[in-house]
Amino acid sequence: MLKIFGIFEITVKKMKEPAFAMLLVISVLIGACVSEMEQLSFKQDSGLLFGLISLEQGAPLLAGFVVILLMTIIVAIFSAATDIPKDIESRVIMVVLTKPVKRIQYLVGKYLGITAICICFFLAAAITASVVHWAKTGEIYTVQLLARQLFLLLALFPLVALTIMISTFLPDISAMIVTTAYVFFSLLISAISVFVDMLPKSLEIVSLVHVLAYFFPNFFYFFNSCRFSGIVLVSLIAYSFSMTAIFLLIASFQMNRRDMI
Amino acid sequence: MNLQMQSGRIKAAPFIILGAVFLVYFTSDVILRQFVLYRAAGQSINPNTILDKLPAGIRDEVRQRILIGELKDKLLAATTDGEKISASIALAGATSDKDLQEKYAEIIDKYPSAPESAPAFINYLMAPDTALKSISIPRYHEYMKQLHDPELFYTFDGGLGALKSRKVSSRELLAFLLPLLELKAGYREYQRLYVELSELAFQEGNQDVELKARKLEEACGKLSFYDKVLAAQQAAKKTKK
């Protein structure tokens, strides 16, 4: 556990780098800019999106926090795609692995470190947005409303794991491109799979699309509104962590068989 | 031996963890998917609203496939003979005309007395020799004996239309409508059948039939239309409750 924490610490220290400090300032500014954005809503004519993301029950999702999440996703893809390939390229990984640190421990440490960086970005922007909102309107977001916005972070955990997994196979720039393409393809497949669920069961495409959909995470789930005590929230947490575990297991398998020289 | 067992357990551990993780993944996905679909149903999302955005060529093709899929689902879910007949006719009709003709013939053989078989009987009433089947007027009358309104009216009206389209003689048309004289009509809709009967009897010089038909025609004119009778029946049922 200490070894994982060591790797985690080294990764988080990156926040001191000027590029990350600059990104943190940008995220704070974005947080301030989006503080006045209203509740996220879709009209009936939004088509499939209206069906995929239901927002009429439970605590609402604020459009500003969705923007903050998107910004954090960019940071997550950027940092997770470059971290391990950079370590391999600069041979830092060889230095780390010559110590009594297992590859899986290195991987988990990296994952936790990058996730922590992303959470910092998200929270910095979220706190700024809340404070600016309070300063401008005199209203304080309720605990329930803030909790709902924080649940957006559940989408971040598998995304970081996914990017790290891809970065164990590919160099940094390629990993970034492939991750972005994979995320977009996931959104497309998820939308199609939910759409075909609305179609008659006798259509032969239904089972084929479902099988395909299991290879791509459905990020739309994280945007649905739900009650905090229900089975849906438990499933959402389970979905996020199981996906994260799957991606990290694949990454671990690749790290163990990969030649680091 | 113990060491071997221990090393076996260590090797099996990642697979057990992987299995458990996948189980959690699939289970949570199923729950979340059902939740999304439940919400989508609540928001009355119709696939047609999405299909409308597709190019016309693809849209029609997809719509046709969806329709066939829906009818197949309906057929699988059908429990009574009536539901099965209606669903199979609709499915065959959506597939092709040839399938529909075959289905009609099959239904006449399989369900010769079901009220829902009426479209099949109408389709093959006095059909030409080239058709898969042909139903004679007496056989049609035999089938009609088991029916009650509104199916009875529908088979008279539909049968008359089918015979007219086959351009049969007025004598045969008269023979087809003759059972109307024995019938106690309950709705205004029957009036036009009696008008048809009296005119045919006049053409054929059958004064007795013409006179009877005119009387029944007049009597029918005083009756209410079917929808009004139905509404009155339902209102009476409600007040009884």
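Just a few scattered comments:
- Answer from A:V183, A:V232, A:V194 - the residue that is assigned to a helix (DSSP H, G or I), facing chain B (nearest Cβ under 7 Å) and at pLDDT 80 or above: A:V232
- When each of A:V28, A:V12 is tested for being in a helix (DSSP H, G or I), modelled with pLDDT of 75 or more and over 30 Å from A:V96 (Cα atoms), the lone residue that passes is A:V28.
- Selection of first residues in the stretch B:175-187 that are in contact (Cβ under 8 Å) with a residue 24 or more places away in the chain and of second residues that are among the β-branched types (V, I, T), restricted to Cβ pairs under 7 Å at least 6 apart or on distinct chains, gives the following pairs, ordered by first then second residue: B:A175/B:I137; B:F176/B:I137; B:L181/B:V209; B:G186/B:V229; B:Y187/B:V229.
- The stretch A:95-113 residues that are more than 21 Å from A:L156 (Cβ to Cβ), paired with ones that are in a loop (DSSP other than H, G, I, E, B) (beta carbon under 9 Å, 6 or more apart): A:L97/A:M260; A:R103/A:R258; A:R103/A:M260; A:Q105/A:M1
- Subset tally (residues that are within 14 Å of another protein chain (Cβ to nearest Cβ) and in a loop (DSSP other than H, G, I, E, B)) for the stretch B:72-96: 1
- Residues of the stretch B:186-221 that turn out to be exposed (fewer than 14 other Cβ atoms within 10 Å of the Cβ) and assigned to a helix (DSSP H, G or I), as a count: 8
- Search result, residues across the stretch A:33-55 that are part of a helix (DSSP H, G or I) and either crowded, with 18+ Cβ neighbours inside 10 Å or modelled with pLDDT under 70 (or both): A:V34, A:S35, A:Q44, A:D45, A:S46, A:L48, A:L49, A:F50, A:G51, A:L52
- The helices (runs of 4 or more DSSP H) located wholly in the stretch A:61-167 that include 2 or more residues which are crowded, with 24+ Cβ neighbours inside 10 Å and among the small types (G, A, S) occupy A:63-89, A:103-137.
- Within the stretch B:148-166, residues that are more than 13 Å from B:Y190 (Cα to Cα) reach partners that are outside any loop (DSSP other than H, G, I, E, B) and β-branched (V, I, T) with beta carbons closer than 7 Å, at six or more positions or on different chains, in the pairs B:G159/B:I122; B:A162/B:I122.
The values are calculated or read from the model by the stated rules, or taken from the named source; none is laboratory data. Fair warning: this is a prediction, and the values are worked out from it, not measured in the lab. Cβ sites come from the backbone with ideal geometry, for glycine too, and all protein chains shown count toward neighbours.
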